[in-house]
Every structure is written in structure tokens, then in C-alpha cells.
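Notes follow once the structure below has been shown.
The values are calculated or read from the model by the stated rules, or taken from the named source; none is laboratory data. Just so we're clear, the structure is a prediction, and the values are computed from it rather than from any experiment. Cβ coordinates were reconstructed from backbone atoms using ideal geometry, including for glycine residues, and neighbour counts include every protein chain displayed.
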Amino acid sequence: MSCSPGSILGLPAVIPSAAMRRVMEMVKRVAQTDASVLVTGESGVGKELVARALHEQSLRCNSPWVDLNCGALPEHLVESELFGFEKGAFSGATQTKQGLLELAHPGTLFLDEIGDLDSRLQVKLLRVLDGAPYYRLGGLKKISPNVRIVAATNRDLEKGIAGGKFRSDLFHRLSQVHIAVPPLRERPEDIPVLAEFFLREQNQNNVGIAPAALEELRNLPWPGNVRELRNVVIRASIMRSGNEIQVEDLPLGKQKTSPQSAPVAASLEEMERQMIFRALDQTSGHHERAAKVLGISRRTLTRKLKKYEAANALEAVAAG
């Protein structure tokens, strides 16, 4: 039996558009199989959410969900994270560590930004997908976990194949089923429902969105897709002066009419940073609860906090 009905993590109302309903219909059909799935789409469209829905509706739903961002770590760390290592395998390996493939057994391993995976690791991953056992780094015992692989990317992997950066055999093995998530600008009917959901998610049940503000949201191009919409709505709910979010409360509305405004990407990064620290403050610094409030994995939260620490260190050096 599946653990969840035909929804994205229990959010059936957040898929009113025909485009997303087609995506979720495919998720329901594929979830009950063991096929490898490749989820593609622009940054911020909700690829991880679709991948989680695949897990939640699968026969593996009561087993672990483990995720790895292939572009967030150097090659050698990605290898040790995936395959694990034995004590003494390299300098600093003071104890044996299970790899994510083992930790995900018998559940789902989600490989985000698969297009960034190094060519040597592409070969090793292909062998695992073909059922070949492997060794931990420095290990002598073969390991054969039973894991369903779901991968995601915002890159055109077929162009990567043509350029020699991605293996065609791995592409075909990963994309036994290919799910393309449409950008938000192609499904504007989702925007009002998503905006209302993001307000409720932040316990803003007494806050509404004025019709003019909703129309403004529907008409924006949303280069950052659902992630950008979420950040904008949460920021507007904080900056509003009344019980309704107005057009002037929307930071992107101001940017659209002001040619001298800062780049959208920079403002979104700062908004995301503020949201993360606000969530940590609300949860008294508890990373697991803060990640749940933010709608991201704890691993993603940890990665972003490390990024902020590195940026602060560079600023301190520059100031000194």
C-alpha cells in the first residue's frame, strides 16, 4: 500500500493546473514501480517535491528517504558520501562511515543536480544502477543495497552528452521514466493557491491577499519559479501594514517598475537568508524543526548555513 494519496506530501489543493495534474498522475503511476526516475525543470519549480511525492506514494514509503546535492560538494566528498569509507581509507577517516546508498536501503536515494556529477562517479553510479555490488572506499567487503534512485536536474543533459560532459548510458538508465515539471509562468492558475498555502504554512491564517496583489503575482514572470513565489509571499506577509497583502508589499512588483533596482537573484538570496534565520529563531535553533518550517531537507539547511558561514568569514577577512 502507498503511504499517501494522489498529492504532493499531502497538499492536493496546490495542484489545480492541468499541467501539474498531469505530472502528479504520472507520479502515481510510476511510484508503485521500481523504475529509476529523472525529474527535470527550471530551478525552483519543485523537483524535490515531486521526487518526495514519488517516495511517499511508493511501496518504499516506510523506508528511508535520503538526498544528496551532487553540485554542493567537491568530487572526493561526493564519492565518500555516496559509497562510504572504512576507517583509515584516507587522511581524516578516523572511523568507518556508511554511504548514502547504504543508509537509503531499502528506500529512496534522491540525487539532486545530477548534471554536476563527475564523469568518474557517473561510471560508478551506472554500475550500481545496473545492480553491481561495490566497495566502500578502502573497503574489502562488497555491498549491494536495494535502493530506488530518483535524480533531478535543471540542465539539458542531452546537450551535456553532446558536449562529452554526461554519459549517454547513465542518462538512459536514470531516465527510465522522465518527469518534466513545467515552470510557474506556464501554470499561472497555480499561483493564487500556492500563495495562500504559503501564508497558511507560516501560520498567517488571519492574513489575506488583495485581488490586485494576486493579479500582480499572476502576471510576474517568476524566473525563480515556486521558490521565488514562496519567498516573495513570506516577505510580503512580514512587511505588510494591514491584514491584507497589497501590491506595494510585493518586492518584485517594485523591482518590475524600477530599472535602477538591484538584481532579482541577489534580493532573493537575501530574502532566503532572512527566512532561514527567522525560522531558526522561531524554533530556538533546532535545525530539524526549522527545515520543516522552511519546507526543505535538513541537509539543504545545513549546506546553506555553511555557505553563510563561509561568506561571513570572507567579509571579515576583507574588512580586516
Kindly indicate whether Ser80 is among the small types (Gly, Ala, Ser), crowded, with 17+ Cβ neighbours inside 10 Å and modelled with pLDDT under 95. yes
Pro64 is checked against (1) at positive phi; (2) modelled with pLDDT of 95 or more and fails just one. What number does that condition carry? (1)
So in the range 151-190, with the set limited to residues that are within 24 Å of Leu220 (Cα to Cα) and of a type in the set (D, E, K, R), which one is nearest to the chain's Cα centre (by Cα)? Arg155
Among the residues of the range 15-28, are any assigned by TED's automatic domain parsing to the domain that holds Asp118, closer than 22 Å to Asn154 by Cβ, at pLDDT 90 or above and acidic (Asp, Glu)? no
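Out of the range 181-206, which residues are farther than 16 Å from Leu229 by Cβ and in contact with a helix residue (DSSP H, G or I) (Cβ under 8 Å, 6 or more places away or on another chain)? Don't jump to the end; show me each part of the working.
Residues of the range 181-206 that are farther than 16 Å from Leu229 by Cβ, as a first pass: 203, 205-206.
Once the filter is applied, which keeps residues that are farther than 16 Å from Leu229 by Cβ and in contact with a helix residue (DSSP H, G or I) (Cβ under 8 Å, 6 or more places away or on another chain), the range 181-206 yields only Asn205.
Consider the range 60-83. How many of its residues are in a helix (DSSP H, G or I) and within 16 Å of Lys306 (Cα to Cα)? Write out each step before concluding.
To start, the set of residues in the range 60-83 that are in a helix (DSSP H, G or I) comprises 75-83.
So of that shortlist, the ones also within 16 Å of Lys306 (Cα to Cα) come out as 77.
Residues meeting the conditions: 1.
Going through Ser168, Ser144, Ser91 one at a time, which residue ends up being in contact with a Pro (Cβ under 7 Å, 6 or more places away or on another chain) and free of Cβ contacts under 8 Å to residues at least 40 places away in the same chain?
Values: Ser168 fails: in contact with a Pro (Cβ under 7 Å, 6 or more places away or on another chain); Ser91 fails: in contact with a Pro (Cβ under 7 Å, 6 or more places away or on another chain).
From the options Ser168, Ser144, Ser91, the qualifying one is Ser144.
Output yes when any residue across the range 236-247 is among the basic types (Lys, Arg), modelled with pLDDT of 85 or more, closer than 24 Å to Glu186 by Cβ and not assigned by TED's automatic domain parsing to the domain that holds Gly44, and no when none is. Break it down stepwise before answering.
So the first thing to find is which residues in the range 236-247 are among the basic types (Lys, Arg), and the list is 240.
Pick out the ones that are also modelled with pLDDT of 85 or more and you get 240.
Within this subset, residues satisfying the condition of being closer than 24 Å to Glu186 by Cβ are none.
No, the conditions are met nowhere in the range 236-247.
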So if I check each of Gly41, Gly107, Gly10, Gly46, which one is at pLDDT 95 or above and within 25 Å of Glu196 (Cα to Cα)? Gly41
Against the definition (farther than 19 Å from Leu73 by Cβ and either in the same structural domain as Gly88 (by TED's automatic domain parsing) or modelled with pLDDT of 95 or more (or both)), how does Lys142 come out, yes or no? yes
Scanning the range 122-162 residue by residue, those farther than 24 Å from Ser43 by Cβ and among the acidic types (Asp, Glu) turn out to be Asp130
